[in-house]
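Throughout, read-outs are computed from the coordinates displayed, never taken from laboratory work. Note that the structure is a prediction, hence the values are computed from the model and not measured. All Cβ positions, even for glycine, are placed from backbone atoms using ideal geometry, and neighbour counts span all protein chains on display.
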Amino acid sequence: MHIFSTLIPAVGLFAHLATAAYKLQDDYGTSDMFFDNFDFFTATDPTKGYVDYVSRSTANQNGLIRASGGSVYIGVDSSNIASSPGRQSVRLSSTKSYTHGLVILDLEHMPASVCGTWPAFWMLGDNWPSNGEIDIIEGVNQQSTNQVALHTGPGCSIDDSGFSGSVDTSNCYVEASGQAANAGCAITSNSTQSYGDGFNKAGGGVYATEWTGEAIKVWFFPSASIPSDISTGTPDPSGWGSPMAAFAGSCDIDSHFKELQIVFDITFCGSWAGDVWPSGSCASKSSSCISYVQNNPTAFAESYWSVNSLKVYQDGSSPNNATVSAGASSYTSTPLVSPTPRSAWKHRRNGHTHRQ
């Protein structure tokens with residue numbers, strides 16, 4: 001559309017208006033009803049984490065979830081010595097799946113940069129990786145900047161342009177040659193306010209993920225600079241400037257991404273946080289990640305999500321947007337990801353010690 005806008009201003013105006021046509025589809029709210037929109041995953045962690053994902057009733061009883069004061073709390077056990085299979089935590093998968101849309105997450109707090117932790121806010125499709133995966137917020141241990149990543153089947157790679165972050169890997173195929181297994185395509189933010197401790201010190205912020213047939217883009221806005229159109233419920237990405245990450249290039253987005261659930265989780269150790277433990281700064285705290293997570297419950301008091309709002313918008317002008325209901329049974333027994341951990345590769349990234 002930008003080509004025609006240089007020739008015919010009226011068409012350019014129409015294109016601008018089209019991008020601003022997002023309409024609210026799902027507001028997840030901040031009451032206990034928030035949790036009605038999610039299934040509680042209770043199977044073994046596919047990423048081999050030292051974690052015990054508990055049911056809604058157990059999470060309620062043990063204080064791992066609550067809704068109060070206009071926000072939703074999703075946390076972990078920070079009171080008790082842990083035992084096998086690991087520290088109690090929560091993994092939520094939305095009961096709806098989405099194809100295209102604008103997902104806006106307003107957070108007051110995300111899990112802090114704490115040794116042993118591996119939190120993520122992401123979107124996941126069935127039949128992994130054929131339906132795709134979008135990791136919007138993810139990191140481990142004392143990480144200071146966020147990493148956004150896609151994971152797909154063969155035939156999807158991205159260009160290094162149109163965003164403010166830095167490309168780590170460009171081929172989204174989980175078995176791409178020349179990349180570590182399951183690397184996917186990944187872009188790291190240059191802002192220390194984008195993740196963990198830095199995010200929380202800045203008072204939180206907003207992550208906005210726009211998914212169209214042309215690209216998948218992720219913006220991050222600290223709490224002091226959230227665009228007014230987001231705050232008023234009329235989001236228009238065309239006025240937000242360069243995103244933190246933009247995934248476009250030699251990739252047919254619609255053939256690689258469809259019917260994705262929204263996921264929150266906090267796991268521990270496993271095939272990323274645990275694997276990098278010996279070589280990172282956390283090694284001085286304990287001989288192993290599991291030992292530290294098991295025996296230091298109070299270390300995880302800041303390992304929680306505090307959600308001000310989660311909203312999904314759709315562009316009414318596109319006939320390809322769809323929302324599909326997903327049954328709860330999909331999430332209670334069989335993991336929706338490959339046995340190959342989605343992020344097992346990340347500790348091998350060119351010696352970037354801030355990822356430790």
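A few points about this structure:
- The stretch 84-207, relative contact order [Cα under 8 Å, separation at least 6], %: 25
- For T212, net neighbour charge (Lys/Arg +1, Asp/Glu -1) across residues whose Cβ lies under 10 Å away: -3
- 5 angstrom amide H check on A112, placed H, neighbours 5+ away: S303, Y304
- Share antiparallel - DSSP beta bridges, the stretch 18-119, percent rounded to 5: 75
- Candidates per trypsin sites (Lys or Arg not before Pro) in the stretch 58-156, loop by DSSP, up to 15 other Cβ within 10 Å: none
- Classification of the stretch 97-169 by its C-alpha gyration tensor yields a prolate form. The axis ratio a/c (a ≥ b ≥ c) is 1.5 or more, and a/b outweighs b/c.
- Global geometry of the stretch 203-272, whether rounded, prolate or oblate, following the gyration tensor of its Cα atoms and the 1.5 cut on a/c: oblate
- Extending 7 Å from the Cα toward the beta-carbon at both D36 and S284 defines two label points whose distance is 5.0 nm.
- Neighbourhood net charge (15 Å Cβ-Cβ; Lys/Arg +1, Asp/Glu -1) for C251: -4
- Sum of side-chain charges, G29 neighbourhood, beta-carbon under 13 Å (Lys, Arg +1; Asp, Glu -1): -4
- Estimated distance in nm for a label pair at N60 and N127, the labels positioned 7 Å out from Cα along Cα-to-Cβ: 3.6
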